[in-house]
Amino acid sequence: MNIVGVDIGGTFTDLVGCIDGKIVTSKTSTTPVDPTSGVANALSLAHCDLPKLGDVLHGSTIAINTVLERKGAKTALITTRGFRDVYAIGRGNRIDAFNLWFHRPKPLVDRQLTFEVSERMNAAGDVLAPIDAAEVERVAGQLAAHGVEAVAVCFLHSYANPAHERLVGEILRRAQPDLFVTLSHEILREFREYERTSTTVLNAFVGPRVRNYLGTLERYLRGEKFGGKVHIMRSNGGVMSLAQAREQPVSMMESGPVAGMIGAGKLAVHLGLDQCIGFDMGGTTAKSSLITRGQPAIEDGYVIGEPADGQPMQLPVVDIVEVGNGGGSIAWVDQAGGLHVGPKSAGADPGPACYGKGSLDPVVTDADLVLGRINGGRFLNGAMQLDVAAARRALDEKVGKPLGLSAMEAALGVATISDANMSLSVRAVSVNKGVDPRDTAMIAFGGAGPLHAIAIAREIFIPRVVIPKLPGTFSALGMLMASWRQDFVRTLVGRLGGLDGKLVERVYAELGREGHAQMERDGVAGDVVDFRFYADLRYVGQEHALSIPISSPEMLTGDTSRVRELFHVEHDQRYGQAAFDESLEIVNLRLVLTAARNDTIAEAWLTEPWTPTEAGEEGVRDVVYDDPAKPLKARVLWRPAMPAGMTIVGPAVIEEPNSTILIHPGDKVTVTHAGHLIVDLAQKA
């Protein structure tokens, strides 16, 4: 089957496809006004015949950018009477304790658009106060009067019994068919009132914009006579149907970046890397994730934006740490004479100064160009000529003159600070989690990742860096390896060993029925689906839990010795200790469904023997590494011409159609039999 993966980033739109058994790629500028036109350009550049495609996999930053830019729909919130301010109050902790300008997350819903309804469930799901349908009808009228475009409904304990939410949903959808309605139990059935409310609001806030975009995308594809399936990349590392993405757009917040980490995990298994760090640097941001035994870590909680003031989302998400530094991050000087890079980005339009679109702000790409690290005549395989003079002028005017530096010194400063900023994301997924970077390797990708990865790895003592094939479009490649995945959860609180057996069996069966219903909606055959149940367990008195695999309800209600043993082992691995004499309690029961792709062309391509695809002559050019006054003569090689088994020692620059790899002095590069590059960093005295 012919398939393509398309990843829309903040700066570039990338495509990788498997067409007639061969890999095709393209990279084009993202068009913020109409992202679909970027998809169309990418398909055209790759010569993809849409009627012959069977599957289009797609990831986009549109959902997360809508939140970060606060450009979502006018949203209202309906909640239980007496709990109007739960969402605004949030948590009582102060994450950034020493920040005098600290402020809590600003709600995405104005207080005047938060409505209360008289109803009440208890934690067991019993009705304490019935809901008044007439009151809901009045609220529906108020929503129309305020011009509300989307509404989130989140009642107290609706995770235990969603009957009242369902009634509200029916009334609102009947009264205003065009209103985007999100009911919390349709997104997740899990306790923690603030996080559940925030997740529901996020879905409503981004819903209309994402739904419109996905509709435009589908109309374009169908208009070009595409008759196959469209799958959307999820934040949990799997894919979902287009219909589900329209209803649950919150699930695609990190849909682009996670695909690259999935691909990095597959590559890590091929290379025998037990633990590695995926590093993805694009035009707007840099992302890092810890990958263990081929699997990126998945967390059941995530904050969109900064940890202290971002928007919480309580859904399974690949654990990615993101910083606002990429190739398009703007360099600026503050009033005290301090040099900063990011988080603001020049994006795709106007982009870096060197793009020649009139921008006067210097960015990281401009610095790399001035330092000789990028070949301005070969950018995007020669499709975009870069203006070195414009880059130098921007660096000189905005950085050099204010700081009394030459343009070259300014460029080196920008690149160095950018590397330091991005190293924070790598530290966050390694050092901050108790993982020694010296025991890992880094898999670097993204258009700018291979250019900066080695400097970052050296900064935190990672000894080896892997540059995969097609690093510039690797996230799009990762989409072609992603499984269909669905996550279901039910809150179930009780002491392990003292649970009501019939209740556990009922919840277990409910999850199974939900899973089968989703399989039927998505047309996924039962014989290819892997069912995995988990219990969220914790020591009595703890706040957070660990997910432990279980194979039957009896593991929680009968002989619990096996699940206790698994929990103690996991707790010891995660936190370095286990309290064997402490009592355990369960808080949630989970079901994870996955269906691996029946085509493995992309995954097999990662391991295929490599042979050079093009001829290329070796060159030499001056490249600045550490001293702007003393550039080094670096070998310049064309990667498509490098044979398997070839080794070189830096300084060198390895160019390829959609990326550039900077090899530092003394670093050794080896081309594997499959064409990946292994860079062993020189040990400095």
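The values are calculated or read from the model by the stated rules, or taken from the named source; none is laboratory data. Just so it is clear, the model here is predicted, and its values are computed rather than measured. Because the Cβ atoms are built from the backbone with ideal geometry, glycine has one as well, and the counts that use them run over all protein chains shown.
A few comments on the model shown:
- Counting only residues that are part of a helix (DSSP H, G or I) and either touching a residue at least 60 places away in the same chain (Cβ under 8 Å) or surrounded by fewer than 19 Cβ atoms within 10 Å (Cβ to Cβ) (or both), the stretch 227-245 holds 3 of them.
- Residue, surrounded by the fewest Cβ atoms within 10 Å (Cβ to Cβ), within the stretch 286-307, restricted to residues that are within 14 Å of residue 444 (Cα to Cα) and among the hydroxyl-bearing types (Ser, Thr, Tyr): 288
- Of all the listed residues (550, 601), the sole one being under 30 Å from residue 524 (Cβ atoms) and at pLDDT 95 or above is 550.
- Residues of the stretch 5-20 satisfying the condition of being closer than 12 Å to residue 480 by Cα and either touching a helix residue (DSSP H, G or I) at 6+ places or on another chain (Cβ under 7 Å) or part of a loop (DSSP other than H, G, I, E, B) (or both): 5, 6, 7, 15, 16, 18
- Among the candidates 574, 564, 590, 621, residue that is in contact with a Phe, Trp or Tyr (Cβ under 6 Å, 6 or more places away or on another chain), outside the structural domain of residue 370 (by TED's automatic domain parsing), among the charged types (D, E, K, R) and touching a residue at least 24 places away in the same chain (Cβ under 8 Å): 590
- Residue match in the stretch 71-79 (condition: modelled with pLDDT of 90 or more, outside any loop (DSSP other than H, G, I, E, B) and of a type in the set (D, E, K, R)): no
- Residue match in the stretch 256-269 (condition: more than 17 Å from the chain's Cα centre (by Cα), assigned to a helix (DSSP H, G or I), more than 30 Å from residue 450 (Cα to Cα) and small (Gly, Ala, Ser)): no
- Within the stretch 658-685, residues that are free of Cβ contacts under 8 Å to residues at least 40 places away in the same chain and surrounded by fewer than 21 Cβ atoms within 10 Å (Cβ to Cβ) reach partners that are of a type outside the set (A, V, I, L, M) and assigned to a strand (DSSP E or B) with beta carbons closer than 8 Å, at six or more positions or on different chains, in the pairs 668/647; 668/680; 670/647; 670/680; 682/668.
- Exactly one residue out of 603, 614, 655 is assigned to a helix (DSSP H, G or I), out of contact with any Cys (no Cβ under 9 Å at 6 or more places or on another chain), outside the structural domain of residue 532 (by TED's automatic domain parsing) and charged (D, E, K, R), and it is 603.
- Condition broken by residue 443, with the remaining ones in (1) among the β-branched types (Val, Ile, Thr); (2) assigned to a loop (DSSP other than H, G, I, E, B); (3) buried (at least 21 other Cβ atoms within 10 Å of the Cβ) satisfied: (2)
- Within this structure, residue 348 passes the test of being outside any helix (DSSP H, G or I), more than 30 Å from residue 197 (Cα to Cα), of a type in the set (A, V, I, L, M) and in contact (Cβ under 8 Å) with a residue 60 or more places away in the chain.
- Count of residues meeting criterion [of a type in the set (Phe, Trp, Tyr) and either closer than 26 Å to residue 296 by Cβ or crowded, with 24+ Cβ neighbours inside 10 Å (or both)] in the stretch 320-367: 1
- Long-range neighbours under 7 Å by Cβ, at least six apart or interchain, first residue at pLDDT 90 or above within the stretch 50-64, second of a type in the set (Asp, Glu): 50/224; 59/7
- Test: residue in the stretch 276-298 that is touching a His at 6+ places or on another chain (Cβ under 7 Å), within 30 Å of residue 517 (Cβ to Cβ) and in contact (Cβ under 8 Å) with a residue 24 or more places away in the chain: no
- If the condition is being closer than 25 Å to residue 416 by Cα and assigned to a strand (DSSP E or B), then the stretch 306-337 contributes 321, 322, 323, 329, 330, 331, 332, 333.
- Members of the stretch 42-60 found to be part of a helix (DSSP H, G or I) and out of contact with any Ser or Thr (no Cβ under 7 Å at 6 or more places or on another chain), listed by number: 43, 44, 50, 51, 52
- Strands (runs of 3 or more DSSP E) contained entirely in the stretch 127-226, each with at least 3 residues that are surrounded by fewer than 22 Cβ atoms within 10 Å (Cβ to Cβ): 127-129
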